[in-house]
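A.B. asks: Dumping the structure here so I can ask a few things about it.
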Amino acid sequence: MSVVATPRDGPLVVLASSRAVLTLPDDSLILSPATISMSPVSGKIVSIVPAVLPKSSFPPSVTYKDYSPRVLIPGLVDAHVHLNEPGRTEWEGFNTGTRAAASGGVTTVVDMPLNAVPPTTTLEGFKVKLAASQGQCWVDVGFYGGVIPGNADQLLPLVEAGVRGFKGFLIDSGVEEFPAVSSHDIALAMKTLKDAPTTLMFHAEMIPPITDSVGDSVQQSDPPLAPRGELASYQTFLQSRPPAFETYAVEEILSLAELAPKLHLHIVHLSALECIPILREARARGINITAETCFHYLALASDHIEDGDTRHKCCPPIRELSNQDRLWEELAADDSCIRTVVSDHSPCTPELKLLPTHLQTLDVDEGVEDTFQNQAFIKHSDSGVDVTLPRNEPQPKIQVEGAGDFFAAWGGISSVGLGLPILYTAASERAEQGEKVPGLVDIVRLCSQATARQVGLADRKGGLRVGMDADVCVFDEADVWTLRAGGMRWKNKCSPWEGHTFRGRVQETWLRGQKVFQHGGVNGGFVGGKPVGRPIVDRRTA
């Protein structure tokens, strides 16, 4: 029985499976058999039948594949990615960053406004970034604007230009062109954006006030106090950024929320469990605030981080197992204040991580060049410590001045495209211990549906439903594999995930009806041969 004909505007692609996570008309999600018909011309899903139909149901010209028992899910929307181009393209770029995303079933990333030069804090800076992205994106890319002191007049023009939201820091960002904001700057941003269709987000760390008399100075971009202990000890670093850094910042933001009661406020990369009751109470009072956490906070713990392993450095820091347990409990709660899970892919060159020689990656197989070749050295001031690396000729193994120093190393975890295996593996292991954890449908909600809603893309991204973009991830839960350096698709093969074994691997990624990645396929899996992703620059409406 033929149920659908080839659309008038071109060919039809049909993907079927005994298991697919579908979006129902009321936006709820369901695991169901499905046959999904997609148009690679319009880029949309044109039909979904909640059953596995045979190839004979379609005209011979139709491209058809039954993936059973692998599961079909909507492409992930990673709403927190640092692509860094232009200006710091040696850290990451549109081409490599979006290739990594595509290899992990991520079909949309939203680029953070800092670490590129210029940052996306002005309309002109946004135009420069858009120009740099042309022809390089393997998935669709949205953009955030930045909130810094003195740029309030740029915020509404950036909304009109299509940015999906704004981010500001309440503590030193690590790069001088993106300074932290004071309470005055936050208030001004809230007043400016109070009626705009956008999200105002914050890196919620600040140095707690010492006395009541110091006033607003504690919200400036002063670095944390000098460390007390061995600089290569992870515990020294962890103690230097205690949960109070996060709770004070969240409370500062909430104290100003009445200035823009309709504005969606959002806390990025929440790590401290102590923030959860504060956010819950605020939401109960009607404040429109949500939070995200990251894959690394849910699957890495300070209890297992070796001294000197600066691959694990990020801000806020990776905390204890007991803290991680509470994040999982909140994630599984029906009324959780943590609505999304993202990567916060924040890469740099390996040299800036100040890796000891035994952690420097050399066996990068799959034809990837050694990651210590042709890397730029720069000066930076992350955590308030200036570091100038020596400009020696690169060597296969290099002795790095300050190797293993958590305070001088750049903070950031590389993981874009790896989130689905990380989250699925960690959840599976916890479920085996009898814990309540998000299931596969919940993972889709957290990493696709809710992230799309957070950035105003829920009408087209993050779901399998007729009329939405035909973004599909084929996920094989039975595949058990170990990440090696050569399997990292991002530019610099440096990540704390190296050597971890995962359950589940993305087998294929489809973007707007076109296959962009196939595990084991030609061209390193990028079977289409060229980028087909698009910048998302239409004005946000919701």
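The values are calculated or read from the model by the stated rules, or taken from the named source; none is laboratory data. Treat the numbers as computed from the prediction; the structure is a model and nothing was measured. All Cβ positions, even for glycine, are placed from backbone atoms using ideal geometry, and neighbour counts span all protein chains on display. Accessible surface areas use protein heavy atoms only, side chains included; no ligands, DNA or RNA. Shrake-Rupley method; radii C 1.70, N 1.55, O 1.52, S 1.80 Å.
A.B. asks: Given the pairs 313/515; 353/530; 44/491; 167/194; 353/491; 127/530, which span a C-alpha to C-alpha distance of over 25 angstrom in this model? Write down the numbers at each step before the final one.
C.D. replies: Numbers: 313/515 35 Å; 353/530 31 Å; 44/491 31 Å; 167/194 15 Å; 353/491 14 Å; 127/530 23 Å.
Beyond 25 Å: 313/515; 353/530; 44/491.
A.B. asks: Based on Cβ point charges of +1 for Lys and Arg and -1 for Asp and Glu, what charge dipole magnitude is obtained for the chain about its Cα centre, in debye rounded to the nearest 20?
C.D. replies: Working: 48 positive and 65 negative charges, 432 e Å.
I would put it at about 2080 debye.
A.B. asks: Quick check: the distance between the Cα centres of region 30-80 and region 162-190, to the nearest angstrom?
C.D. replies: First find each Cα centre; the distance between them is then 41 Å.
A.B. asks: While we're here: I'd like the antiparallel share, as a percent to the nearest 5, of DSSP beta bridges with both residues in the chain.
C.D. replies: Values: 31 of 65 bridges.
Around 50 percent antiparallel, to the nearest 5.
A.B. asks: Within the chain, what whole-number % of the accessible surface is contributed by carbon and sulfur, with the 1.4 Å probe and all protein chains included in the calculation?
C.D. replies: Working: 10160 of 19750 Å².
The nonpolar share, carbon plus sulfur, comes to 51 percent.
A.B. asks: Which of the aspartates and glutamates could a cross-linker bridge to residue 262, judged by Cα under 16 Å and excluding same-chain residues fewer than eight apart?
C.D. replies: The qualifying aspartates and glutamates are 195.
A.B. asks: Just the Cα atoms of the chain: what Rg and Dmax do they give in Å?
C.D. replies: In Å, with Rg to one decimal and Dmax whole: 22.6, 78.
A.B. asks: Ranked from highest to lowest mean number of other Cβ atoms within 10 Å per residue, what is the order of the peptides 416-422, 521-527, 101-107, 290-296?
C.D. replies: Details: 416-422: 28.3, 521-527: 15.0, 101-107: 30.1, 290-296: 24.0.
Packing order, densest peptide first, comes out as 101-107, 416-422, 290-296, 521-527.
A.B. asks: Hey, rough spin-label estimate for residue 30 and residue 56, points 7 angstrom out along Cα→Cβ, what's it come to in nanometres?
C.D. replies: 2.8 nm
A.B. asks: Before I look further, what does the chain give for accessible area per residue, probe 1.4 Å, in whole square angstrom?
C.D. replies: 36 Å²
A.B. asks: Given the peptides 344-353, 530-539, 174-183, arrange them by the average over their residues of other C-beta atoms within 10 Å, most packed first.
C.D. replies: Working: 344-353: 26.5, 530-539: 16.5, 174-183: 19.5.
Result, highest mean first: 344-353, 174-183, 530-539.
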